[in-house]
Structure formats: C-alpha cells, structure tokens
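I have placed the structure first, in the form of structure tokens, so that the comments after it can refer back to it.
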Amino acid sequence: MRSILITGASSGIGAATARLFLTEGWRVGLMARREEALREVAGGHPQAVALPGDVTDPASVEAVVAAFCEGGPLDVLFNNAGVFVPAAPIDETSVEDWNHAVAVNLTGMFLAARAAFGRMRAQGGGRIINNGSISAHVPREGAVSYTVTKHAITGLTRQLSLDGRSLGIACGQIDIGNARTPMLEALDKVQRAVGGDGVPMMDVEDAARAVLHMASLPPEANVLTMTIMANAMPYVGRG
C-alpha cells in the first residue's frame with residue numbers, strides 16, 4: 001500500500017485530495033491545526049491518519065512526519081498548506097500579514113519538505129509535490145505576500161528536484177488556478193459585491209485528480225511543473 005502525507009488537509013484542495021487518495025487505496029496522513037476538521041475529512045476510514053500539527057513549528061512538523069512513518073515508508077508528500085492574507089497594495093500590507101504569509105506559505109513548505117526529504121533519503125527515495133499556484137507565474141492585484149511566496153515555491157521545487165535526483169527523490173509542482181474552495185468562493189463573493197463578474201472556477205476534484213496523477217508516476221518519471229486551471233480564467237494572453 002502506497003502512502004501520502006498531505007499538509008493543509010482540513011479543507012479545500014487538501015481535503016479533496018485526501019478523500020480521493022483514500023478512495024484509491026492509499027494510506028493517507030492528514031496534517032493541519034484543527035484536529036476535529038481532520039477527523040471529519042478522514043471520515044473514520046481505516047487508512048486515514050489524522051495528525052494535528054502546525055507547519056510553521058519545526059518541532060511539530062518533525063513530530064507529525066515521525067508519527068506517520070511509524071506506519072511505514074513515506075512515499076509522497078503533498079506540500080499543500082497555505083494562506084491568503086487580506087488583499088492590499090504593498091504600502092497598506094501590514095508586516096504582520098506579510099510575516100504570516102511567509103511563515104505558512106514558504107517556511108511551512110520548507111519545513112515539511114525538509115522533514116520528508118530526510119525520511120525519503122533514509123528509505124531510498126520518494127516524491128514531493130509542492131502546491132504552487134497560478135500566482136507562481138502571474139499575480140492578482142493587491143496580493144504581494146501571496147505572490148512573492150508562491151514565486152519562491154518554484155525555486156524550492158527546482159532545488160529539491162536537483163538535490164533529490166541522485167537520491168531517488170522526485171519533486172514537482174502543481175500550479176492550480178481557481179479550484180472551487182471556500183477561499184475562492186469568498187473571493188468570488190467580494191468581487192460580485194463590488195459589481196464584478198466573479199471568479200471563474202473549476203471543480204476542486206479536478207485538481208485532486210491531477211495530484212493523484214503526479215503521485216502515481218513510477219520513480220523514473222516526474223512532472224516537474226503542471227498547470228491546471230479553470231478554462232475561463234484570464235490567464236493566457238491579454239484580458
């Protein structure tokens with residue numbers, strides 16, 4: 001039985017991905033801060049392991065990875081936890097919001113990748129999938145913290161792919177554009193409230209299936225980057 005640890009598994013893309021992998025017969029570790037929400041996603045499935053923890057806390061991340069590995073090897077890490085702080089131009093973005101975004105979106109991903117990489121090196125291989133974003137390529141207005149951190153994830157992905165090459169550790173990045181999650185639905189409401197057209201979205205299950213494809217590849221193959229997006233979103237060309 002193959003295994004995957006998913007950070008940010010209590011809602012949104014992480015929750016949808018966890019449910020899909022459980023359906024597909026994987027052993028799934030679910031990490032997030034809210035234990036009750038994790039247990040709800042797990043739904044009592046015998047192969048689901050709820051692992052409350054904080055990705056911004058090095059000791060917490062190490063403890064979660066160690067606890068999950070008590071049940072067997074760690075085949076895949078889906079490095080998914082992230083936050084979107086309030087939108088604002090840079091001069092109105094608080095230092096607190098900036099620090100929070102960096103702590104979760106960048107340092108949290110570094111810590112999870114660091115812990116998983118060490119386990120995978122010891123066991124002779126594995127795979128890390130980082131959740132980037134369309135924002136790793138092009139920004140939204142007023143999203144300096146999110147955009148900068150997601151651009152940084154591309155560098156993390158490439159470095160891990162290079163450093164893991166000789167160790168049998170593959171690393172890829174999935175850049176998801178507007179999967180229907182509570183975060184995107186909230187943004188959609190804001191845009192509609194000010195007279196906008198709303199946010200074009202796709203089913204979150206489509207994003208989860210893309211992660212499953214990346215995770216299921218044989219060790220000799222890797223998707224370095226994948227972009228999956230709502231077809232109607234104004235990403236390609238001029239809006």
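Observations
- Of all residues in segment 215-239, those satisfying the criterion of being touching a residue at least 40 places away in the same chain (Cβ under 8 Å), closer than 18 Å to H137 by Cβ and not aromatic (F, W, Y) are V223, L224, T225, M226, T227, I228, M229, A230, M233.
- For the criterion of being surrounded by fewer than 16 Cβ atoms within 10 Å (Cβ to Cβ) and either closer than 23 Å to A87 by Cα or at pLDDT 95 or above (or both), V190 passes.
- Restricting segment 193-211 to residues that are buried (at least 18 other Cβ atoms within 10 Å of the Cβ) and under 14 Å from the mean Cα position of the chain (by Cα), the residue that is farthest from V76 (Cα to Cα): V204
- Residue match in segment 81-99 (condition: in contact with a Leu (Cβ under 7 Å, 6 or more places away or on another chain) and in contact (Cβ under 8 Å) with a residue 24 or more places away in the chain): no
Residues checked against (1) at pLDDT below 95; (2) closer than 24 Å to A186 by Cα:
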residue: P86; (1), (2): yes, yes
residue: S94; (1), (2): no, yes
residue: V104; (1), (2): no, yes
residue: T107; (1), (2): no, no
residue: A116; (1), (2): no, no
residue: Q123; (1), (2): no, no
residue: G132; (1), (2): no, yes
residue: T147; (1), (2): no, yes
residue: T154; (1), (2): no, no
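- Members of segment 215-230 found to be polar (S, T, N, Q) and farther than 17 Å from T157 by Cα, listed by number: S216
- Residue in segment 145-154 that is assigned to a helix (DSSP H, G or I), among the small types (G, A, S) and over 25 Å from A32 (Cα atoms) present: no
- Extreme residue, modelled with the highest pLDDT, among residues of segment 1-35 that are within 19 Å of M201 (Cβ to Cβ) and among the polar types (S, T, N, Q): T17
- Just one of the numbered conditions (1) hydrophobic (A, V, I, L, M, F, W, C); (2) surrounded by 16 or more Cβ atoms within 10 Å (Cβ to Cβ); (3) assigned to a helix (DSSP H, G or I) is not true of M183: (2).
- So G29, is it part of a strand (DSSP E or B), under 23 Å from L106 (Cβ atoms) and not charged (D, E, K, R): yes
- Cβ-Cβ distances below 7 Å connect the following pairs, each with a first residue in segment 126-143 that is part of a helix (DSSP H, G or I), a second residue that is among the basic types (K, R) and surrounded by 21 or more Cβ atoms within 10 Å (Cβ to Cβ), and a separation of six or more residues or different chains: S135/K150; A136/K150.
- Residues satisfying the stated conditions in segment 47-63, i.e. in a loop (DSSP other than H, G, I, E, B) and either in contact with a Pro (Cβ under 9 Å, 6 or more places away or on another chain) or charged (D, E, K, R) (or both): D54, D57
The values are calculated or read from the model by the stated rules, or taken from the named source; none is laboratory data. Remember, it's a predicted structure, so these values are computed and weren't measured experimentally. Please note: Cβ atoms are built from the backbone with ideal geometry, for glycine as well, and neighbour counts cover all protein chains shown.
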